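Computed from the coordinates by the stated procedures, all read-outs in this text should not be read as laboratory data. On a predicted model such as this, the values are computed, not experimentally measured, just so you know. Positions of Cβ are backbone-derived with ideal geometry, glycine not excepted, and every protein chain shown enters the neighbour counts.
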Amino acid sequence: WVRHAVTYTSMPFVVATKPAVAIKQFAADAACDVAISASFPSRCADTGNVPVLIKGRSLDSSMLAVFDTIAVPCEATSSTELVCTAPPHAEGTVDLQLVKDGAVVSNKLAFRYEHSADVLQGLFYNLLRRVHHLEDMLHSSAGGA
């Protein structure tokens, strides 16, 4: 066990809910039912503050979601879904995993942080592509009438 203080700059885990937390690393052979299979979205802007739905099994509200080194509280909507808020983080791909009672209890998923402008540009591009698709559908249905 290793103790880590609460701050957004300490390593390897930052927990905003307690002054210090003991983290025990996840063991693949541990008798643990918890698993995460997906997050929606799987990426966000580096500014964070985006709701994230984590899907998996044996999930509960006592778990913390850890984005790289930053742990955030979760709310269980069922035993297969958690909702949390992605914290701000520098650009790049980070590990997303769950912690309970100071121990990592899940596998890791990749979560991507992108520069805010890149995220907006991607959303704008997808919106334009959908508008063009709708226009094509309208034109083809109007021509066939």
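What is the calculated FRET efficiency for residue 142 to residue 103, with r their C-beta to C-beta distance and R₀ = 41 Å, to the nearest 0.05? Intermediate results must be reported in sequence, preceding the final value.
Working: r = 61 Å, r/R0 = 1.49.
Rounded to the nearest 0.05, the efficiency is 0.10.
Can you tell me how much longer the chain between residue 129 and residue 47 gets when fully stretched, taken as 0.36 nm per residue apart minus their C-alpha distance, in nm with one decimal? Don't skip to the end; give the middle numbers.
Numbers: separation 82, 0.36 × 82 = 29.52 nm, distance 2.55 nm.
The residue 129-residue 47 span can extend by a further 27.0 nm.
What Kirkwood hydrodynamic radius do you get for the stretch 51-140 when you take the inverse of the mean 1/r over all pairs of distinct Cα atoms, in Å? Walk me through the intermediate numbers first.
Details: mean 1/r = 0.0662 Å⁻¹.
About 15.1 Å for the stretch 51-140.
Taking 0.36 nm per residue of separation and subtracting the Cα-Cα distance, what length does fully extending residue 57 through residue 91 add?
Working: separation 34, 0.36 × 34 = 12.24 nm, distance 2.88 nm.
Length difference between fully extended and current span is 9.4 nm.
Using Cα-only point scatterers and the Debye equation, what is log10 of I(q)/I(0) for the stretch 72-115 at each q in 0.15 Å⁻¹, rounded to two decimals?
Ignoring solvent entirely, the Cα scatterers give -0.45.
Can you quote the Å³ per residue value for the convex hull of the Cα atoms in the stretch 39-96, rounded to an integer? Present the calculation step by step, with values, prior to reporting the outcome.
Values: hull volume 3.9 nm³, N = 58.
Dividing the Cα hull volume of the stretch 39-96 by its residue count gives 68 Å³.
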